[in-house]
1. Tell me which DSSP H helices of the chain clear both cut-offs, 24 Å or more of axial length from alpha-carbon atoms and a mean Kyte-Doolittle hydropathy of at least -0.5.
2. With the chain treated as a Gaussian network of Cα nodes joined by springs under 10 Å, which of Ser155, Ser75, Ser128 yields the largest mean-square fluctuation?
3. What dipole magnitude, in Debye to the nearest 20, does the chain give about its Cα centre under +1 on Lys/Arg Cβ and -1 on Asp/Glu Cβ?
4. Take the Cα atoms of the stretch 25-79, build their convex hull, and give its volume per residue in Å³.
5. Just tell me which aspartates and glutamates come within less than 20 Å, Cα to Cα, of Lys130; anything on the same chain fewer than 8 places away is out.
6. Find out how many positive minus negative residues lie around Ile149, taking Lys and Arg as positive, Asp and Glu as negative, among other residues whose Cβ is under 15 Å from that of Ile149.
7. Please arrange Lys154, Lys130, Lys64 by counting, for each residue, the other beta carbons lying within 10 Å of its beta carbon, fewest first.
8. Which one of Gly27, Gly79, Gly70 has the biggest mean-square fluctuation once the chain is modelled by GNM with Cα springs under 10 Å?
Amino acid sequence: MGKWMDFDWNQLLTVTFTLFAVIDIIGSIPLLHALKKKLGGLHEGKATLISGLLMIAFLFAGEKLLQVLGVDQRSFAVGGSIVIFILGLEMVLGVEFFKSEPDAKASILVPIAFPLIAGSGTLTTIMSLKTNFETSIVLFAILINLIIIFIVLKSLNSIEKILGQAGMIAVRKFFGVVLLAIAVKIFSSNLRELLK
C-alpha cells in the first residue's frame, strides 16, 4: 500500500496528458474515419498492439540506440522538445510541417500503428519524457494511452458525431497550446543541464 501512496499521480497525469496530446488520436479521427471506409476496417486490436510495442520498445531500448549513435539523453531531449514544439505549432496554426501520405493500399498496420499513432513525434516525446520522469511513470502513461487509443478506434463514428467538425478543431488547438508549453519546459530544463 505504501508504494501506491508514494507514487506521484500528478506526474502520471502530466505524462499521460503529454502523450495524449502528441499522439493526437482525437485530431486524427477524420483521417482514421476515411481510412476505415477505404479499407473496410482498421483491425483496432492489432493496430493498438503494434503501436504499443513500438512505444514500449523505444522506452526501454531507445537509450541504447542513442548510445550507438553517440547522442546523450539530454541532447536528444532538447532536439525532441523542438519536434514537440513544431507539432504544437501545427495543431494551433493548422499548418502541416511534417508531410505524411498514408497509402490506403498498404498494410493497415503501417499507416495507423506507424506513423499515425507511434510516429516520430510520439517516439521522440517518450525519450524526452524519460529524461524528466521515472520510466515506470512513462510506461503507465503509455498503457493508459493505448486503452484510450483502442476505445477511440472502436468508437470513431460516435466520437465524430458527438464532437462535430468545430469541436474537433477546438480540441486540437487546445492540445496544441499544451504541447507548446510542455516543449518549452523540457527544452529549458535539459538545456540548463547541458550548459552546466
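Coordinate-derived values only; no laboratory data. If you're wondering where the values come from, they're calculated on a predicted model, not measured in any experiment. Cβ coordinates were reconstructed from backbone atoms using ideal geometry, including for glycine residues, and neighbour counts include every protein chain displayed.
1. 44-69, 73-93, 135-154, 156-195
2. Ser155
3. 280
4. Convex hull of Cα atoms, per residue: 118 Å³.
5. Asp6, Asp8, Asp24, Glu63, Asp72, Glu193
6. Here the count lands on +1.
7. Lys64, Lys154, Lys130
8. Result: Gly70 has the largest fluctuation of those listed.
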